[in-house]
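To start, the structure under review is shown below, and the notes come after it.
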Protein chains: 2
Amino acid sequence: MTDASRPDAHGTLSYEQSGVVYDLIDPLKVAAQRAAAATGANLAAHGFTEIVASRGESAYVVDVGPFHLASIVECLGSKALVADAMHELTGRSWYDAIAQDTIAMAINDLITVGATPLVVQAYWAAGGSDWFGDSQRAQALVAGWKAACDRCGVAWGGGETPALAGIVADGRIDLAASCTGIVNPKTRLSLGDKLGAGDAIVLLASSGIHANGLSLARKLVERLPQGYLTEIAPGLSYGAALLAPTVLYSPVTEALARSGIVPHYCANITGHGWRKLLRHPAALSYRIEAIPPVPAVLRFIQQHARQDNHEAYGTLNMGAGFALFVAADRAQACVEIARAQGVEAMVAGRVEAGPKRLVIEPLGLEYGSDELQLR
Amino acid sequence: MTDASRPDAHGTLSYEQSGVVYDLIDPLKVAAQRAAAATGANLAAHGFTEIVASRGESAYVVDVGPFHLASIVECLGSKALVADAMHELTGRSWYDAIAQDTIAMAINDLITVGATPLVVQAYWAAGGSDWFGDSQRAQALVAGWKAACDRCGVAWGGGETPALAGIVADGRIDLAASCTGIVNPKTRLSLGDKLGAGDAIVLLASSGIHANGLSLARKLVERLPQGYLTEIAPGLSYGAALLAPTVLYSPVTEALARSGIVPHYCANITGHGWRKLLRHPAALSYRIEAIPPVPAVLRFIQQHARQDNHEAYGTLNMGAGFALFVAADRAQACVEIARAQGVEAMVAGRVEAGPKRLVIEPLGLEYGSDELQLR
């Protein structure tokens with residue numbers, strides 16, 4: 001056993017070295033998933049049934065008769081710490097962007113099942129009442145939250161703003177969002193056995209790191225003499241680049257629905273990077289023949305963390321924030337519909353019969369089924 | 001201006017003295033509520049409308065056609081700190097009870113609008129991966145969560161278990177739950193103008209402090225030489241009494257629905273104690289003629305915090321965890337239905353025409369409309 005918690009100061013920095021130890025979380029997750037699965041039967045008393053295929057997917061789906069109900073709660077993670085550090089360095093609040101990130105975590109997961117997001121609830125747990133006393137920051141959070149809701153066509157239902165001294169660290173905030181939506185008509189459900197060999201893989205562009213891999217990105221700052229203010233491109237600091245808000249993809253999936261295109265499956269590319277393309281439980285191969293440009297901030301992280309492509313594409317989104325698996329003859333239409341919504345897209349590859357694996361041909365990379373354990 | 005943060009070590013301990021300063025949170029809340037209200041119009045693009053009367057209520061409601069959709073996210077608050085302290089003192093994990101508390105925070109709010117809860121999502125944000133390494137505690141959390149879901153007939157859809165070092169304090173966990181339900185048939189909606197003079201007030205018993213007032217309860221420990229192990233009744237420590245899990249009230253509201261009883265309004269008695277009986281926006285008077293027994297732990301807190309009845313009933317639930325406002329001729333039936341679900345209940349008073357106020361006759365107390373500002 002190696003000590004994953006002690007990074008080599010000048011060597012490769014892996015995700016576990018940045019402080020998140022999945023081996024400790026995973027047994028709980030397995031127990032929780034097992035217990036949760038056993039509660040699905042409770043819906044029968046109401047005359048409803050769960051969509052079993054949604055267990056282990058990014059959102060939970062229940063058949064409530066006229067349509068399916070989808071719901072989720074998602075955490076921002078540690079990205080707010082970057083905003084706090086940049087506020088100290090520049091005096092500017094980035095919480096408008098942070099708000100969008102938080103909503104994106106929930107919305108981009110909810111839409112993977114084919115749901116239209118309808119209501120978002122805010123969970124803003126501060127380390128003390130005084131967090132809310134910085135009105136510039138608080139107003140930025142409110143404004144960014146509302147703008148993201150408007151962009152996604154959802155109602156902001158309300159939420160919680162507890163002051164949790166002793167639980168949330170002093171001066172910090174724990175941000176999360178819950179989202180409820182419906183799959184309507186039910187044929188929009190993009191789970192189960194729709195996915196098959198011959199489908200095309202359409203990748204939607206990311207804006208940067210989004211809100212996954214931030215523990216690694218923050219750890220890296222220790223290696224940079226100028227820290228977050230290190231220029232990664234002319235006039236663009238590392239910190240500002242990290243804080244580019246996550247793309248909201250629901251305008252694209254809703255536009256697809258209006259055009260009569262139902263993805264066979266979707267993957268929100270978050271933690272585990274492109275390994276998320278292996279998310280569907282079926283034994284299928286995924287062949288990528290073209291890759292999107294890598295955002296400057298991700299290329300910078302890869303270089304300074306000394307990650308090879310296998311590690312970088314297995315950890316970060318590397319320019320692809322969301323994957324649509326669609327009928328091959330609709331792939332180009334998907335690209336055009338996404339672009340019309342302001343989201344760059346490309347037909348990147350295809351699904352093939354074969355063992356579960358992901359092949360990224362332009363980079364000579366391959367990931368097997370043993371490299372993604374989400375269920 | 002007085003310094004509310006410095007309690008007199010031997011005098012009355014108010015809620016603000018326990019560390020939560022609402023004046024700092026409230027401007028943000030007002031801004032957030034205003035921005036949230038403006039997003040309700042986004043639902044029109046989907047062909048849906050919000051139930052405007054649900055703005056400012058305990059759960060947000062949307063008319064989605066065949067029924068209403070209700071959703072919410074709720075935080076446990078600081079009760080987990082009591083469990084942590086008691087674990088240190090006794091070696092026992094109370095996280096099964098803490099799990100029920102967390103779910104109760106969401107479920108008991110959701111049902112106030114007349115909704116049947118269907119799906120709960122777990123939000124368990126730990127201060128580091130190692131929180132999950134204590135398997136006894138983690139298993140208690142999972143088991144308690146499942147048991148509460150089973151009791152309420154909801155499906156546990158999934159959730160988030162992030163490790164948030166630097167945001168959540170080391171060794172702590174920030175617990176929250178989101179809940180989605182439906183109001184079905186729509187006539188079950190218990191918001192708006194159904195409430196009127198002549199309605200009866202039925203109070204459902206609490207099990208103790210539930211999960212509100214814990215900042216005060218924890219502050220009080222500093223005054224007790226034996227701290228959480230102080231006996232408040234033979235064989236019952238203060239800490240153990242505080243950790244009695246919150247009553248889950250959805251089995252009662254669902255049983256009422258099966259009996260054809262639709263409350264005209266409901267109030268979940270949480271923060272602000274009995275002032276929550278003033279929650280409905282209408283100008284009506286609430287006259288209480290009989291009060292439930294006060295749980296030993298709440299009587300203990302009142303005495304040691306040297307609160308008079310006005311402060312105690314305006315802060316703590318004092319034995320009443322949930323209020324049903326029902327047609328007078330169904331009030332006794334409500335009591336019997338609640339008891340059949342194992343929840344003690346009583347017809348406590350009635351709604352009258354008159355200015356907005358709450359009169360608790362047996363104690364000679366009165367609260368005016370200026371004593372509850374929730375909207």
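The values are calculated or read from the model by the stated rules, or taken from the named source; none is laboratory data. Source: prediction; values computed, not measured. We place every Cβ from the backbone using ideal geometry, glycine too, and count neighbours over all the protein chains shown. Calculation scope for accessible area: heavy atoms of the full protein, side chains included, ligands and nucleic acids excluded. Shrake-Rupley method; radii C 1.70, N 1.55, O 1.52, S 1.80 Å.
Amide H to amide H, with H built 1.01 Å from N, B:Asn184 comes under 5 Å of B:Thr116, counting only residues 5 or more places away or on other chains.
For the interface of chains A and B, what total accessible area is buried with a 1.4 Å probe, rounded to the nearest 100 Å²?
Result for this pair: about 6000 Å² buried.
The mean of 1/r over all distinct Cα pairs in the protein assembly as shown, once inverted, gives the Kirkwood hydrodynamic radius of 26.6 Å. Rolling a 1.4 Å probe over the protein heavy atoms leaves A:Glu254 with an accessible area of roughly 30 Å².
Cross-link partners for A:Lys186 among the lysines, with Cα-Cα distance under 25 Å and sequence neighbours closer than 8 places in the same chain left out: A:Lys194, A:Lys276, B:Lys186. In this structure the protein assembly as shown gives 35 Å² per residue of accessible area when probed at 1.4 Å with all protein chains present. Could you bin all the Cα-Cα distances of chain A into 10 Å bins starting at 0 and give me the percent of pairs in each, rounded to whole numbers? Reading upward from the zero bin: 5, 23, 33, 27, 10, 1, 0. Rounded to the nearest angstrom and listed largest first, the equivalent-ellipsoid semi-axes of the range A:48-188 from its Cα gyration tensor are 32, 15, 12. Mean per-residue shielding of peptide A:126-134 is 5, counting Cβ atoms of other chains within 10 Å of each Cβ. Shielding of peptide A:136-143 by partners, expressed as the average count of other chain Cβ atoms within 10 Å per residue Cβ, is 3. If you model the range A:303-375 as an ellipsoid using its alpha carbon gyration tensor, with each semi-axis the square root of five times an eigenvalue, the axes come out at 25, 18, 11 Å, biggest first. In the range B:48-188, the DSSP beta bridges split such that about 75 percent are antiparallel, to the nearest 5. Between B:Ile269 and B:Phe322, B:Ala323, the built amide H atoms are under 5 Å apart, and every one of these is 5 or more places off in sequence or on another chain. How much of the accessible area of chain B, in percent, comes from carbon and sulfur atoms when a 1.4 Å probe is used? Result for chain B: 51 percent of the exposed heavy-atom area is carbon or sulfur.
Could you sort A:Asp174, A:Asp63, B:Asp370 by accessible area so the largest value comes first, with the probe set to 1.4 Å? Mind dumping the intermediate values first?
Details: A:Asp174 0, A:Asp63 35, B:Asp370 115 Å².
Descending order: B:Asp370, A:Asp63, A:Asp174.
For a straight C-alpha distance cut-off of 20 angstrom, the lysines reachable from A:Lys219 (same-chain residues fewer than eight places away being disregarded) are A:Lys79. Kirkwood analysis of the Cα pair distances in the range B:200-371 returns a hydrodynamic radius of 16.6 Å.
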